[in-house]
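The values are calculated or read from the model by the stated rules, or taken from the named source; none is laboratory data. Note that the coordinates shown come from a computational prediction; the quantities given were computed from them, not determined experimentally. In this analysis, Cβ positions are derived from the backbone assuming ideal geometry, glycine residues included, and neighbour counts consider all displayed protein chains.
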Amino acid sequence: MRLAIIADIHGNLDALRAVLTDAQAQGAEQIIVNGDVVNRGPDSVAALGLLLAREDISFTLGNHDDLLRMWDARSADLPADWFDDPFWGATAWSADQLDRAGLLHVPADWPMTRTLTVAGLPPVLIAHGSPQHYREGISERTRPERVQELSGGHGVLVGSHIHRPAQAEVGGVLVLNTGAVGAPVNGDPRAQYLLLTAGTDGWHTEFRAVPYDRSGVLARFGSSGLLDTGLSAQIFREEIITSRSLYTPYWSWTECEGLPRDARTWDTFLHRQMVAAP
């Protein structure tokens, strides 16, 4: 048995197609989409539609899949001032695109976790973040005691969300992170995912990194109208170009310094990042 676990597509259709083609070539019999199909990139509708058309795919819920539904509902779980903040224009745009296509609420039925069991092998617990919250990333840096809490007796714990691949043996639990299909932040621009193969001696892991032409998705930021929505779309595009995490550290920096999230502070932040880069 060979299983592909893909995640963090983030509206990047070209990266998704590359990964699906590669997974087929590698003989994957099943594909689990471990959350965050949508938002950030220009292709949320097309990416979700492509996946829904296949019968060999199952899903878990990611924080961005849920965020767009919460945005549309003006959920009280989101800060009220976000809805009038132009910084969130890309999120509003993506939610509207999915709503117009009748796809916004499809993720409502996706579970938070999936469990894979194969006779004679440790059970595999799969969640976008952690089994307890889709925004809690797991990796080799996760505390051993936390791994034990999260694994719940499963021998393999698979997460996504942090947009980089990871593998570690922690207290007898194999901790894996799939990396990101559409927006990796480990400096490698290729579309990344995890292959799990059931062997007689245990689970065999392979982290795949698939090259693809990024010019199409980068151009669609402009042609789709997404780039016109404001600063966050510009940041998301820059992350695809650089394969580095920019959005989260920029948000944290402005929050810590009490600065507005606007073109001026973004330019300052980006200049500091370029100076600090090796």
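Laid out as a table, the results:
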item	result
Filter result for the condition that a residue is at pLDDT 95 or above, within 30 Å of T115 (Cα to Cα) and crowded, with 19+ Cβ neighbours inside 10 Å, over R237, R261, R220, R208	R208
Hey, S130 part of a helix (DSSP H, G or I), crowded, with 20+ Cβ neighbours inside 10 Å and either among the basic types (K, R) or at negative phi (or both) or not	no
Single match in T197, T178, T229 (criterion: touching a Pro at 6+ places or on another chain (Cβ under 7 Å) and either in the same structural domain as L67 (by TED's automatic domain parsing) or at pLDDT 95 or above (or both))	T178
Verdict on L246 being touching a strand residue (DSSP E or B) at 6+ places or on another chain (Cβ under 7 Å) and modelled with pLDDT of 95 or more	no
Residues located in the stretch 89-112, provided they are outside any helix (DSSP H, G or I) and among the aliphatic types (A, V, I, L, M)	A101, L103, L104, M112
Flag if V45 is crowded, with 22+ Cβ neighbours inside 10 Å and touching a residue at least 12 places away in the same chain (Cβ under 8 Å)	no
Yes/no for G159 being modelled with pLDDT of 95 or more, in the same structural domain as G62 (by TED's automatic domain parsing) and closer than 25 Å to R190 by Cβ	yes
Selection from the stretch 86-110 of residues that are free of Cβ contacts under 8 Å to residues at least 12 places away in the same chain and among the aromatic types (F, W, Y)	none
Every pair of residues 6+ apart whose Cβ atoms lie under 8 Å, when the first sits in the stretch 48-74 and is over 19 Å from N12 (Cα atoms) while the second is of a type in the set (D, E)	D56/E29; M70/D77; D72/D99
Residue, nearest to the chain's Cα centre (by Cα), within the stretch 170-205, restricted to residues that are surrounded by 23 or more Cβ atoms within 10 Å (Cβ to Cβ) and among the small types (G, A, S)	A180
Qualifying positions in the stretch 236-260 - within 23 Å of the chain's Cα centre (by Cα) and part of a loop (DSSP other than H, G, I, E, B)	S243, S245, L246
Count of residues meeting criterion [under 22 Å from the mean Cα position of the chain (by Cα), more than 17 Å from A263 (Cα to Cα) and in a helix (DSSP H, G or I)] in the stretch 71-88	3
Flag if S94 is among the small types (G, A, S) and more than 14 Å from the chain's Cα centre (by Cα)	yes
One residue from L196, L150 being in contact with a strand residue (DSSP E or B) (Cβ under 8 Å, 6 or more places away or on another chain) and part of a helix (DSSP H, G or I)	L150
